[in-house]
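Trainee: There's a structure below that I have some questions on.
Bear in mind that the values in this text are calculations on the coordinates, not laboratory data. What you see is a predicted model, and the numbers here were worked out from it, not measured in a lab. With ideal geometry, Cβ positions are generated from the backbone for all residues, glycine too; neighbour counts draw on all protein chains shown.
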Amino acid sequence: MNSEEKLESETDRIVIAPDGTLQVPDVPVIPFIEGDGIGPDVWGATRRVLDAAIGLVYAGRRKIRWMELLAGGKAHNQTGKPLPDETLQAIKDHIVAIKGPLTTPVGAG
């Protein structure tokens, strides 16, 4: 996560209302995990489609502010962990997240 993404306010998050429904702000922060292998290609196309669809449906009144989270190979290369605690906490905090395909490590033996 970069410093700009960390500056979000609580009003940028999707929250669960007391009645169990989701309250979605006009510009929600939605975390994403790009994924491994074909993941970056799939994610790039997915992001373009989602951004275009929201732009058309809401005529510019709404958009998504994307926040990348680390998992898989990218996380392991940068942090030494395939699924950092910060990633899990961000998903819990934001309720909604999108995950691309991740490499499944094969055990030894």
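Trainee: Would you grab the residues whose amide H sits under 5 Å from the one on Phe32? Only those 5+ places off in sequence or on another chain, please, with H modelled 1.01 Å from N.
Mentor: Amide H neighbours of Phe32: Met67, Glu68, Leu69, Ile98.
Trainee: Sticking with the crude label model, points 7 Å out along Cα→Cβ, report the distance from Ile54 to Val27 in nm, one decimal please.
Mentor: 1.1
Trainee: What is the calculated FRET efficiency for Gln78 to Thr103, with r their C-beta to C-beta distance and R₀ = 22 Å, to the nearest 0.05?
Mentor: With a Förster radius of 22 Å, E is 0.90.
Trainee: Measure off 7 Å from each Cα along the Cα-to-Cβ vector at Asp93 and Arg62, then give the distance between these two points in nanometres to one decimal.
Mentor: 2.3
Trainee: While we're here: Would you work out if the chain is rounded, prolate or oblate? Take a ≥ b ≥ c from the square roots of the eigenvalues of the alpha-carbon gyration tensor; rounded if a/c is under 1.5, else prolate when a/b is larger than b/c, oblate otherwise.
Mentor: prolate
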